[in-house]
Amino acid sequence: MKKLLLIAVLLLGSSSISHAQGGDAEPPYGMSHLEAYSLFYENYRTGDYEMALTFGEWMLEAKPREIEGHNSFELETQFERLINVYAGLAEEESDPGEKRSLYEQALGVFDLVRETFDEDEIDLFKWTHEQGQFYQEHRENLSDGLQNAFEYYERAYEMEPGQFIELSDGYYANLLLTHYVSNEEREKALALIDEIEPQATPELKAAIEEARNELFSSPEERIALLESRLEESDDPEPILMELATLYEEAGNREKATEIAHELYEMNPSFENTRKLADLALSNAEYEEALDYLTEAVELSPNDSQRKQLLVEISETYQNIDRVQSAREYARRAINLDENYGQAYLRMASVYASAISECTSGRSIERDDRTVYWLVLDYLERAIEADPSVRSRANQRIESYRPVMPTSEDKFFSGWEAGESFTIDSSVGECYGWINETTTVR
């Protein structure tokens, strides 16, 4: 009704207006170009796209380069507005077929732009990129919408690589790269990476690295890639760190160790020191591992890392039968965090190991068995301090109960349940270093 009323007013109010005769290239109702354009723009500005189309669609066929009385008229701008008009009408349309038809008419305007203007008259890169955006934004209502979007993005990239990469801080370059990777277009992806990496933002660099990880998934491929990048890199440390890990995964310990030493010489950081310790431990090179583990304790970024290292040092000392040093580092871990259950489990393990060491080559006697009371003390303290170790501690408690002094042992030795009992040289010279008090059980 609004449309009909406006038309009636126009017919009555202007003697120059008459019904259009002949082709559609003239404005409706015999209007002048300026009158029709003015009504088109006013309705476009207010969002009345149906009326805007009524008074503006003629421009798609007539393609006026200028309008008398409008010195700043630009046909390219009107094409942009008409695309928005078709898209706006499509958004308001409920019928799927009509909606799709309107979007397709908008796409037709993109084609018309290329037919109308020479390359030096418009920014062809901009129009190509915007057509890709149009397909992407309305992909659910257009056949092969997303695929077409990527095709136009690819065309835009080929036209102006540098400009394309800079768009939206690398968003579209990342989008195109992800598309190549997901479609396993490896050569295209690698070529794009070579082009965009030198000017990539930090976010785009992260996306490039993720793409490389997908393109080169096997350790062998990653190794080859990283070694090729190493020669050109101004920051070789992160590349070397990954190479060390990959060589270890590939079973080449010798090369992994070589690179780890190179990293350590380059930067004796916590991570690089820790890496050498891990490699030494995996090769059962315990003395060397202890050197690096001890150094890593001093470099630890926080107490959480530090207490874990102290427990690991304790275990390593125990592996080479240096139980007193093993106890020292387990105690240090407890002093650092009295609620750290792993440290109490370590103490229990150290004292259990001491029994094995002291009875090596002979039968275990009733005095030796008293040390298990102390072992159980630490297992129970582990549970009390840290419920997360309860299951493991209980398993060990059950395994040690059968080897504790029997009722007969306690009768003949005069040990009364609940009495204090000191584990020291009185139990056996081998236990003199322990010097801790427990309770007869």
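The values are calculated or read from the model by the stated rules, or taken from the named source; none is laboratory data. Nothing here was measured: the structure is a model prediction, and the numbers come from that model. Ideal geometry is used to build each Cβ from the backbone, glycine not excepted, and the neighbour counts take in all protein chains shown. Note: areas computed on protein heavy atoms with side chains; ligands, DNA, RNA excluded. Shrake-Rupley method; radii C 1.70, N 1.55, O 1.52, S 1.80 Å.
Figures for the structure shown
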| quantity | calculated |
| --- | --- |
| Dipole magnitude of the chain, debye to nearest 20 (Cβ charges: Lys/Arg +1, Asp/Glu -1, about Cα centre) | 2360 |
| Contour minus Cα-Cα distance for Asp95 and Arg322 (0.36 nm per residue) | 73.5 nm |
| Computed FRET value (nearest 0.05) for Arg366 with Gln147, which takes r as the C-beta separation and R₀ as 60 Å | 0.15 |
| Unit charges at the beta carbon, dipole of the chain: most positive-side option, Ser407, Phe164, Ala250 | Ser407 |
| Surface/4 of the Cα convex hull for the range 304-441, nm² | 8.1 |
| Label point distance in nm, Ser269-Glu140, each placed 7 Å from Cα along Cα→Cβ | 4.5 |
| Principal axis dimensions, the chain - Cα atoms, whole angstrom, descending | 131, 52, 32 |
| Cα-projected label distance for Leu299 with Ser217, points at 7 Å along beta-carbon direction, nm | 3.4 |
| Nearest 10 degrees, 0 to 90: helix 202-215 Cα axis against the chain principal axis | 70 |
| Gain upon complete extension [Glu203, Thr46; 0.36 nm per residue less C-alpha separation] | 52.6 nm |
| Whole-Å distance, taken between Cα centres, linking the range 239-287 and the range 299-345 | 22 |
| Relative packing of peptides 61-72, 82-93, 385-396, 338-349 - highest average C-beta neighbours within 10 Å first | 338-349, 82-93, 385-396, 61-72 |
| Extension gain (nm, one decimal) between Glu249 and Glu227, 0.36 nm per residue minus Cα-Cα | 6.3 nm |
| Sum of -39500 (n - 2.57) over DSSP H runs of 4+, divided by residues of the chain (222 nm, nearest 500) | -21500 deg cm²/dmol |
| Within the accessible area of the range 213-315 (1.4 Å probe), percent carbon and sulfur | 44 |
| Separation of the Ser399 and Glu68 label points, Cα + 7 Å toward Cβ, nm | 10.3 |
| Gyration tensor verdict on the range 57-175 (Cα atoms; rounded if a/c is under 1.5, prolate if a/b is larger than b/c, oblate otherwise) | oblate |
| Cα shape, the range 181-245, gyration tensor, a/c 1.5 rule | oblate |
| For the chain, built as a Gaussian network whose Cα springs stay under 10 Å, the top-fluctuating residue of Asp169, Asp120, Asp111 | Asp120 |
| Using alpha-carbon coordinates, inclination of helix 341-358 to the longest axis of the chain, degrees | 30 |
| Within the range 327-441: Cβ-based charge dipole about Cα centre, in debye rounded to nearest 20 (Lys, Arg +1; Asp, Glu -1) | 380 |
| Extreme residue, positive dipole direction of the range 320-386, given options Ala352, Ala382, Ile320 (C-beta unit charges) | Ile320 |
| Per residue accessible area of the chain, 1.4 Å probe, in Å² | 53 |
| Relative contact order for the range 159-233, counting Cα pairs under 8 Å that sit 6 or more residues apart, in percent | 28 |
| Taking the chain and dividing mean pair separation by its residue count, relative contact order in percent (alpha carbons under 8 Å, at least six apart) | 5 |
| Over the range 160-294, relative contact order from alpha-carbon pairs under 8 Å, at least 6 apart, % | 13 |
